[in-house]
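To start, the structure itself, in structure tokens.
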Amino acid sequence: MREQKEKLARHARKLPLEGVVDTSCIVVLDILHQGRGKCSAIRAALAADDPFDALLAIGASHYRERISTLRAGLKDLEADGRVGRKVYEAESGDFVAPSDV
């Protein structure tokens, strides 16, 4: 977990992650880990009307199964209340309740 937070903090220097919901940040980490998209594509997806779906669409033609598995896993975690409620705060390098940002 600490390693992922460190990676996210590094990526937040290049990407507009401040205030982005945790589920989308997880997708950003996965995109960069898998090499299925570049920062320019991620920036565009984050600016979309539905950033989560736009992020998942990055690299969909080559990573369909990976994206499907990721979407399902995040949906399960969200249903359990483990994700989907906090946003990224660059100053602390952590996820906080939206009202704290």
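Where a number appears in this text, it was derived from the coordinates with a stated rule and is not lab data. Nothing here was measured: the structure is a model prediction, and the numbers come from that model. Positions of Cβ are generated from backbone atoms using ideal geometry, with glycine treated the same way; all protein chains shown enter the neighbour counts.
Looking only at segment 67-86, how many residues end up being touching an Asp or Glu at 6+ places or on another chain (Cβ under 7 Å) and of a type in the set (V, I, T)? Quick ask: steps written out before the conclusion?
We begin by selecting, within segment 67-86, every residue touching an Asp or Glu at 6+ places or on another chain (Cβ under 7 Å); these are 70, 83-84, 86.
Within this subset, residues satisfying the condition of being of a type in the set (V, I, T) are 83.
Of the residues in segment 67-86, 1 are touching an Asp or Glu at 6+ places or on another chain (Cβ under 7 Å) and of a type in the set (V, I, T).
Those residues that are aliphatic (A, V, I, L, M) and within 15 Å of V87 (Cβ to Cβ), I need them from segment 1-20; list them, please. Reasoning before the result, please.
Within segment 1-20, the subset aliphatic (A, V, I, L, M) is 1, 8-9, 12, 15, 17, 20.
Matches in segment 1-20: L8, A9, A12, L15, L17, V20.
With the requirement that a residue be of a type in the set (A, V, I, L, M) and in contact with a helix residue (DSSP H, G or I) (Cβ under 6 Å, 6 or more places away or on another chain), what does segment 32-41 give you?
Going through segment 32-41, the residues of a type in the set (A, V, I, L, M) turn out to be 32, 41.
Matches in segment 32-41: none.
Anything in segment 10-24 that is closer than 14 Å to V96 by Cα and either surrounded by fewer than 16 Cβ atoms within 10 Å (Cβ to Cβ) or out of contact with any helix residue (DSSP H, G or I) (no Cβ under 8 Å at 6 or more places or on another chain) (or both)? List them, or say none.
Correct list: E18, G19, D22.
R85: under 21 Å from E6 (Cα atoms), in contact with a His (Cβ under 8 Å, 6 or more places away or on another chain) and not hydrophobic (A, V, I, L, M, F, W, C), yes or no? Give the steps one after another, and end with the answer.
Details: under 21 Å from E6 (Cα atoms): yes; in contact with a His (Cβ under 8 Å, 6 or more places away or on another chain): no; not hydrophobic (A, V, I, L, M, F, W, C): yes.
Taking the combined requirement at face value, the residue does not satisfy it.
I'd like the residue in segment 1-29 that is free of Cβ contacts under 8 Å to residues at least 60 places away in the same chain and touching a Phe, Trp or Tyr at 6+ places or on another chain (Cβ under 9 Å) and, out of all such residues, is farthest from G93 (Cα to Cα).
Once the filter is applied, the top-ranked residue is V27.
Mind checking whether some residue in segment 76-88 is in contact (Cβ under 8 Å) with a residue 40 or more places away in the chain and either surrounded by fewer than 12 Cβ atoms within 10 Å (Cβ to Cβ) or among the polar types (S, T, N, Q) (or both)?
No: segment 76-88 contains no residue that is in contact (Cβ under 8 Å) with a residue 40 or more places away in the chain and either surrounded by fewer than 12 Cβ atoms within 10 Å (Cβ to Cβ) or among the polar types (S, T, N, Q) (or both).
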